[in-house]
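Undergrad: Questions regarding the structure given below will be posed in turn.
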Amino acid sequence: MIWRRAVTLDQINAMSRNNMVGHLGIEVTRFTADELEATMPVDERTRQPFGLLHGGASVVLAETLGSIAGYLCTEDEQKVVGIEVNASHLRSAREGLVRGVCRAIHLGRRNQVWQIDIYNSQGQLCCTARLTTAVI
């Protein structure tokens, strides 16, 4: 297991209620020994003017997952901040939920690198992103 903090899904989701994460309807739905998952609705909050999932919303989901995962891999007063994010948008989504799956690529003392894949409601890969965080 990579997580160093003992938390529940309810505790994780409570951190997100009164900020952008909650506003976009992002909900962490599952974590295993080495993965963290969340969903986000494709609706009026997350679509661009042409009715497709906004690429920026996908990046918010990716950075949210990587940041939460990074925090769960720290201890005591440590925190993480995102220092670089990139995303490749591969397929569109128009409705339903998208699901992000976050996995560690590198867990160092000073930085972390996370891979986040986002799937549409048909299970097709829509976006793949990488987030680098600094541990402070």
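Bear in mind these aren't lab numbers, they're just calculated from the coordinates by the rules spelled out. Predicted, not measured: the structure shown is a model, and the values here were computed from it. Quick reminder, even Gly has a Cβ in these numbers, built from the backbone with ideal geometry, and neighbours come from all protein chains shown.
Undergrad: On the first, second and third principal axes, largest extent first, how far apart are the outermost C-alpha atoms of the chain in Å?
TA: 44, 27, 23
Undergrad: Calculate the length of the line joining the C-alpha centroid of segment 1-42 to that of segment 80-136, in whole Å.
TA: 13
Undergrad: Quick one: Karplus J couplings for segment 26-37, per residue in order, coefficients 6.51, -1.76, 1.60, θ = phi - 60°, nearest Hz, x for Gly and Pro?
TA: These are the phi-based 3J(HN,Hα) values: 6, 9, 6, 10, 6, 9, 10, 4, 8, 9, 10, 10 Hz.
Undergrad: Pairs of Cα atoms under 8 Å, at least six residues apart: use those to get the relative contact order of segment 9-135, whole percent.
TA: Values: 262 pairs, mean separation 31.6, N = 127.
Relative contact order comes out at 25 percent.
Undergrad: Could you order the peptides 49-61, 76-88 from most to least packed, using the average number of other C-beta atoms within 10 Å per residue? Don't jump to the answer; show the numbers that get you there.
TA: Values: 49-61: 17.2, 76-88: 13.1.
For the peptides 49-61, 76-88, the packing ranking is 49-61, 76-88.
Undergrad: Relative to the longest principal axis of the C-alpha atoms of the chain, give the angle of the C-alpha long axis of helix 55-72, reported between 0 and 90° and rounded to the nearest 10°.
TA: Its long axis makes an angle of about 20 degrees.
Undergrad: Sort 13-22, 38-47 for me by packing, meaning the mean count of neighbouring Cβ atoms within 10 Å per residue, highest on top. Please report the intermediate quantities before stating the final value.
TA: Working: 13-22: 14.0, 38-47: 18.2.
Taking the mean over residues of other Cβ atoms within 10 Å, the ranking is 38-47, 13-22.
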